[in-house]
Amino acid sequence: FAATQLPPKELAELKQVQAEIEKNSAPEAVLKSRELNRRFHALIFTASRCPYLIRTLGMLWAAFPTMLLGNYPRTASQPLLGRDDVDLQEHDAIIEALERGDAPSAQNAMKEHIESVLREMIGMINK
């Protein structure tokens, strides 16, 4: 639903959150940026209008990745090195696909974003 029928108001809110993430990308704003990132993703999965998906992803986001990042001293209050620009680019790709109503591209952009973050987190944990 989100990829093909995202209402203009919700798309505008998604863009606004993305703009706020960009404004708060400095290392000292990492906690604010993480909360905005959580909101960005919640707007997308809530737009699915699928109660099971909303509930499941809501629970997942309650513990991961924010709490996982908080368990490691070098990421508890620091951003993952090099992720800010990558996250912004990946979020922009998701927004562009949603704006076009292009479900396959939106799905692919979200999948690439999730896999990219997971690779970074695994790399950080293994250090």
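A few comments on the model shown:
- Qualifying position, being at pLDDT 80 or above and closer than 14 Å to L14 by Cβ, among L36, L57: L36
- Tallying residues that are open to solvent by less than 40 Å² (accessible area, probe 1.4 Å) and either among the aliphatic types (A, V, I, L, M) or part of a helix (DSSP H, G or I) (or both) within the range 82-102 yields 9.
- Of all the residues in the range 20-55, those that are without any contact (Cβ under 8 Å) to a residue 40 or more places away in the chain and open to solvent by 70 Å² or more (accessible area, probe 1.4 Å) number 8.
- Close contacts from the range 104-127, counting a first residue that is at pLDDT below 85 and a second that is assigned to a helix (DSSP H, G or I) and charged (D, E, K, R), with Cβ to Cβ under 7 Å and a gap of 6+ residues or different chains, come to E120/R83.
The values are calculated or read from the model by the stated rules, or taken from the named source; none is laboratory data. None of the values given here were measured: they were computed from a predicted structure. We place every Cβ from the backbone using ideal geometry, glycine too, and count neighbours over all the protein chains shown. When the accessible area is computed, the model is the full protein with side chains, heavy atoms only, and any ligands, DNA or RNA have been set aside. Shrake-Rupley method; radii C 1.70, N 1.55, O 1.52, S 1.80 Å.
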